[in-house]
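Before any comments, here is the structure.
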Ligand SMILES: Cc1cc2nc3c(=O)[nH]c(=O)nc-3n(C[C@H](O)[C@H](O)[C@H](O)COP(=O)(O)OP(=O)(O)OC[C@H]3O[C@@H](n4cnc5c(N)ncnc54)[C@H](O)[C@@H]3O)c2cc1C
């Protein structure tokens, strides 16, 4: 028959032997024993004390093993803090076990161990929580900094609330997503305007039909609904459509930073592959496209897969003419075939002041391919892109003049 009274077993565990003391609920020592530190001996000792045995031993190298070994056989297993015991005077194994059994009986020892997997889970959760707090603090500071950089003070916490999001974004959007033609006929596009907004601006598209054609094959409507003018110009991917087109049109960006506002010509906005000339603290606020004033423009996106894919070559052309087919001024910009938006200065010089014919365009093609270095990528090899430029320079000029 099982003993229903609680028994308090304290173990002083060593490599070879374990000293045990058992007390009853009244505090009387009922047994003292020394057993080998082996599973069968220790489990045998515990099971011999009945179902209501409480066991305690000090934290140490064997603690995890012993805890998991005894848990199925005892009512409670406590791994305790060594410091509590080491404060006791007159230490010996026997005294340790006697003292610990009394502490166990009166409930004055703390458990420091909750099972192997439990501890690991706990540690992992604490680590995740710490990371989460660090990350969320970083994100919160960043959000406020981004508003501040746009001249909007965001005190308190309302800026972080999902329910308030629309209100805060509207503060940015209304100021920076406007598309308008100013009194001089210059197109001004706020950096937060989406590419779809630009596409749907009848006034802008009427003045710049070349933009309308370019936007039609700029990826797809879902991308254009989300992509913004600022992002499309600042991303720095040479395959993008707007940088070479805007550079060909002689556009500038107005940039705001800690030092105030400045303007950068789009053709000077790119330092290399995915690299712009913006300072770290600068944002594009507006794209400024001067009026065509009779100039003719063309933009061609040459893809090696579908028409709206990333291109192997982009080419934008803006020509001022005097008389049919006679070029007074030329701006020719390419990208995608090169690591960044690149102006073809030599080809422009050749075409300026000349009457267009096949021989001239052929020479312009040769000049163009000689003045840039080509980039091989998934959309075409450097040699292929060289041939594309030879062909498409001529086609773009003819299209602009048509
Ligand atoms: C599937 C897919 C296909 C695409 N195909 C084409 C394509 O054929 N042709 C094409 O031209 N584009 C293409 N794009 C690019 C797309 O048009 C966006 O321009 C691009 O994804 C940038 O998106 P975003 O405007 O949301 O800018 P974000 O992703 O917000 O920003 C892009 C970069 O610009 C920086 N940035 C954003 N705004 C500003 C600002 N005002 N001032 C300074 N820095 C800023 C950001 O910090 C980030 O580094 C494609 C995109 C996708 C996802």
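Here are some notes:
- In the stretch 354-382, the residue that is surrounded by the most Cβ atoms within 10 Å (Cβ to Cβ) out of those that are farther than 15 Å from residue 396 by Cα and in contact with a strand residue (DSSP E or B) (Cβ under 7 Å, 6 or more places away or on another chain) is 372.
- In the stretch 165-181, the residues that are modelled with pLDDT under 75 reach residues that are in a helix (DSSP H, G or I) with C-beta atoms within less than 8 angstrom, at least six apart or across chains, in these pairs: 172/147.
- Close pairs from the stretch 237-249: first over 16 Å from residue 213 (Cα atoms) and assigned by TED's automatic domain parsing to the domain that holds residue 288, partner within 10 Å of the ligand (Cβ to nearest atom) and not in a helix (DSSP H, G or I), Cβ under 7 Å, at least 6 apart: 237/274; 238/335; 238/336; 239/310; 239/311; 239/336
- Test: residue in the stretch 311-319 that is surrounded by 19 or more Cβ atoms within 10 Å (Cβ to Cβ) and either over 37 Å from the mean Cα position of the chain (by Cα) or at positive phi (or both): yes
- Residues that are touching a helix residue (DSSP H, G or I) at 6+ places or on another chain (Cβ under 9 Å) and more than 8 Å from the ligand (Cβ to nearest atom) within the stretch 269-287 comprise 269, 270, 277, 281, 286, 287, listed in sequence order.
- Matching residues, the stretch 241-254, being more than 10 Å from the ligand (Cβ to nearest atom) and not in a strand (DSSP E or B): 246, 247, 248, 249, 250, 251
- Scanning the stretch 167-209 for residues that are assigned to a loop (DSSP other than H, G, I, E, B) and touching a helix residue (DSSP H, G or I) at 6+ places or on another chain (Cβ under 6 Å) yields 191, 192, 193.
- Hits in the stretch 216-225 (condition: assigned to a helix (DSSP H, G or I) and either more than 6 Å from the ligand (Cβ to nearest atom) or surrounded by 16 or more Cβ atoms within 10 Å (Cβ to Cβ) (or both)): 216, 221, 222, 224, 225
- Residue in the stretch 158-166 that is out of contact with any helix residue (DSSP H, G or I) (no Cβ under 7 Å at 6 or more places or on another chain) and on the phi > 0 side of the Ramachandran plot present: no
- Check on residue 264, more than 10 Å from the ligand (Cβ to nearest atom), assigned to a strand (DSSP E or B) and touching a residue at least 60 places away in the same chain (Cβ under 8 Å): no
- Extreme residue, farthest from residue 233 (Cα to Cα), among residues of the stretch 288-303 that are more than 13 Å from the ligand (Cβ to nearest atom) and not in a strand (DSSP E or B): 294
- Meets criteria (within 24 Å of the chain's Cα centre (by Cα), within 11 Å of the ligand (Cβ to nearest atom) and at pLDDT 95 or above) for residue 257: no
- Failed item in (1) at pLDDT 95 or above; (2) within 16 Å of the ligand (Cβ to nearest atom), with residue 320 passing the rest: (2)
- Some residue of the stretch 29-37 being more than 17 Å from residue 101 (Cα to Cα), surrounded by fewer than 15 Cβ atoms within 10 Å (Cβ to Cβ) and at pLDDT 95 or above: yes
- Options 183, 174, 158: the member that is within 16 Å of the ligand (Cβ to nearest atom) and surrounded by fewer than 14 Cβ atoms within 10 Å (Cβ to Cβ): 174
- Some residue of the stretch 227-240 being part of a helix (DSSP H, G or I) and more than 9 Å from the ligand (Cβ to nearest atom): no
The values are calculated or read from the model by the stated rules, or taken from the named source; none is laboratory data. The structure displayed is predicted, hence computed values, not measured ones. Heads up, the Cβs are rebuilt from the backbone with ideal geometry, glycines too, and the neighbour counts pull from every protein chain shown.
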